[in-house]
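**Student:** Questions regarding the structure given below will be posed in turn.
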Amino acid sequence: MKAIESERYRRTLLQRLAISACLLISASVLGVETSGAQSWPSKLIKAYIPFGAGSATDVVPRMFFERLSAELGQPIVIENRTGAGGTIGTAAVVRSDPDGYSILAHSSAITIAPAIFTDLTFDATRDLSSAIMIGYSANVMITSPSKPWKTVQEFIAAAKAKDASITFGSVGIGSATHISAEKFRLAAGVDATHIPYRGGAEVITDIIGGRIDFYFCPLATALPLIRDGQVRALLVSTAKRVADLPDVPSPLEIGLQGADTAIWFGVFVPSKTPKDIVDKLYTSGTKVLAEPETQNDLKKLGVEPWPMKPDEMDALVVRETIANAALIKAAGIKQ
């Protein structure tokens, strides 16, 4: 009898030891995953910017990353991986390990590329996750002071009279400067010839010289030129007027429905990045954006804060990708 009880005790003890071992292993595995996310970042972070140095999509995130680095306690090294409308730098992040150490700074141009580059190896709405919305800005429709039109209404009347002899510049096919101009052109019902340039400096030179008729220039770049009288501002691209140009109308004010465009700047990570890391990026970024010094520097760059949670930003990317595909088809834009 004692032998039977002893055997039962031995079996019960072994079962309990086995269960305890399983629990310890599970806890250990879960602990490694959780501590890995909680300890992020523990080393240098690499931020890819898919446009050239000095562009709005470079200057705005670069300023933000300097402050985010201090908040996270790790250096953020920036690499300008340019080419193909920002798709080369974007692809580099899509292919990277989803560990929070490779991040992407992009603009609303990310919602334009899929309709322009039909051979993309990635889908930004599927392969990237939103982390931080930095803010938004406007493009400004500028022209030479030597041109006869002083208001956007006068310009539209002249453009309709002259038809396709009107020209406009952009920093490339499918760029935000191109899309702003096309939305305006379609809403106003005017014909105009698109002339793509390699960079904004070349477009501005030809605007000032009167060699092309208009350009939707990023606000931060346009402001000093407008204040110095080198160019004339006719329209802002956003739905409402901007504080820096209180006398310049928005498209909706003059009846151009669907012509408004906000140029936004945000941070993305590979879609399989752990949620804990995305959440930490979001909370840290939100804290940085709330600082008065950051808001002051954004204002100098013509950027307004746009508080938005990651899932809301994901939804915005999907909506704008669909809308821009329809616009690009209607405008007949091809690479």
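**Student:** Would you mention how many residues in region 111-150 are assigned to a helix (DSSP H, G or I) and not basic (K, R)?
**Tutor:** Counting residues in region 111-150 that are assigned to a helix (DSSP H, G or I) and not basic (K, R) gives 8.
**Student:** Is it the case that G174 is surrounded by 16 or more Cβ atoms within 10 Å (Cβ to Cβ), at pLDDT below 90 and over 18 Å from E253 (Cβ atoms)?
**Tutor:** Yes; evaluated as a whole, the condition is true for this residue.
**Student:** Moving to a separate point now. Pull up region 312-333, narrow it to residues that are β-branched (V, I, T) and at pLDDT below 95, then point me to the one that is nearest to the chain's Cα centre (by Cα).
**Tutor:** For region 312-333, the residue satisfying everything is I328.
**Student:** Ok, one more. Among (1) without any contact (Cβ under 8 Å) to a residue 40 or more places away in the chain; (2) over 15 Å from R232 (Cβ atoms); (3) out of contact with any Ser or Thr (no Cβ under 8 Å at 6 or more places or on another chain), which single condition is S175 missing?
**Tutor:** (1)
**Student:** Spot the failing condition for S250; the list is (1) buried (at least 18 other Cβ atoms within 10 Å of the Cβ); (2) small (G, A, S); (3) in contact (Cβ under 8 Å) with a residue 40 or more places away in the chain, and only one is missed.
**Tutor:** Here S250 meets the rest and fails (3).
**Student:** Please work out if I204 is in contact (Cβ under 8 Å) with a residue 12 or more places away in the chain and either over 26 Å from A325 (Cα atoms) or in a loop (DSSP other than H, G, I, E, B) (or both).
**Tutor:** yes
**Student:** If a residue counts only when it is of a type in the set (K, R), which helices (runs of 4 or more DSSP H) contained entirely in region 235-335 have at least 3 such residues?
**Tutor:** Because the criterion is at least 3 residues that are of a type in the set (K, R), the helices (runs of 4 or more DSSP H) in region 235-335 that meet it are 275-289.
**Student:** Quick one: how many residues across region 218-234 are part of a loop (DSSP other than H, G, I, E, B) and touching a helix residue (DSSP H, G or I) at 6+ places or on another chain (Cβ under 6 Å)?
**Tutor:** Total meeting the criteria: 2.
**Student:** Name the pairs whose Cβ atoms lie under 8 Å apart, with the first residue in region 40-69 and without any contact (Cβ under 8 Å) to a residue 12 or more places away in the chain and over 17 Å from Y136 (Cα atoms), the second of a type outside the set (G, A, S) and surrounded by 17 or more Cβ atoms within 10 Å (Cβ to Cβ), and 6 or more positions between them or separate chains?
**Tutor:** If the second residue must be of a type outside the set (G, A, S) and surrounded by 17 or more Cβ atoms within 10 Å (Cβ to Cβ), the pairs left are E66/I76.
**Student:** Among the residues of region 298-321, which ones are under 11 Å from I134 (Cβ atoms) and either touching a Gly at 6+ places or on another chain (Cβ under 7 Å) or surrounded by fewer than 17 Cβ atoms within 10 Å (Cβ to Cβ) (or both)?
**Tutor:** Residues satisfying the conditions are L298, V303, E304, P305, W306, P307, M313.
**Student:** Sort out which residues of region 254-268 are under 20 Å from A157 (Cβ atoms) and surrounded by 15 or more Cβ atoms within 10 Å (Cβ to Cβ), and write them in order of number.
**Tutor:** Of everything in region 254-268, those that are under 20 Å from A157 (Cβ atoms) and surrounded by 15 or more Cβ atoms within 10 Å (Cβ to Cβ) turn out to be I254, L256, A259.
**Student:** Another question, then. Quick check on region 280-297: of everything there that is of a type in the set (D, E, K, R) and surrounded by 14 or more Cβ atoms within 10 Å (Cβ to Cβ), which residue is nearest to V242 (Cα to Cα)?
**Tutor:** Among residues in region 280-297 that are of a type in the set (D, E, K, R) and surrounded by 14 or more Cβ atoms within 10 Å (Cβ to Cβ), the one nearest to V242 (Cα to Cα) is D297.
**Student:** Check region 77-91 and report whether any residue there is surrounded by fewer than 17 Cβ atoms within 10 Å (Cβ to Cβ), part of a helix (DSSP H, G or I) and touching a strand residue (DSSP E or B) at 6+ places or on another chain (Cβ under 9 Å).
**Tutor:** No.
**Student:** Let me confirm something: among D213, D244, which residue is surrounded by 15 or more Cβ atoms within 10 Å (Cβ to Cβ) and over 21 Å from K183 (Cα atoms)?
**Tutor:** Step by step, each of D213, D244 is checked, and only D244 is surrounded by 15 or more Cβ atoms within 10 Å (Cβ to Cβ) and over 21 Å from K183 (Cα atoms).
**Student:** Can you find, within region 57-76, the residue that is nearest to G266 (Cα to Cα) among those that are surrounded by 20 or more Cβ atoms within 10 Å (Cβ to Cβ) and in contact with a helix residue (DSSP H, G or I) (Cβ under 6 Å, 6 or more places away or on another chain)?
**Tutor:** L68
**Student:** Right, here's the next one. Checking A105 against (1) modelled with pLDDT under 95; (2) closer than 28 Å to K240 by Cβ, which test does it fail?
**Tutor:** (1)
The values are calculated or read from the model by the stated rules, or taken from the named source; none is laboratory data. What you see is a predicted model, and the numbers here were worked out from it, not measured in a lab. FYI the Cβ positions are ideal-geometry reconstructions off the backbone, even for glycines, and counts take in every protein chain you see.
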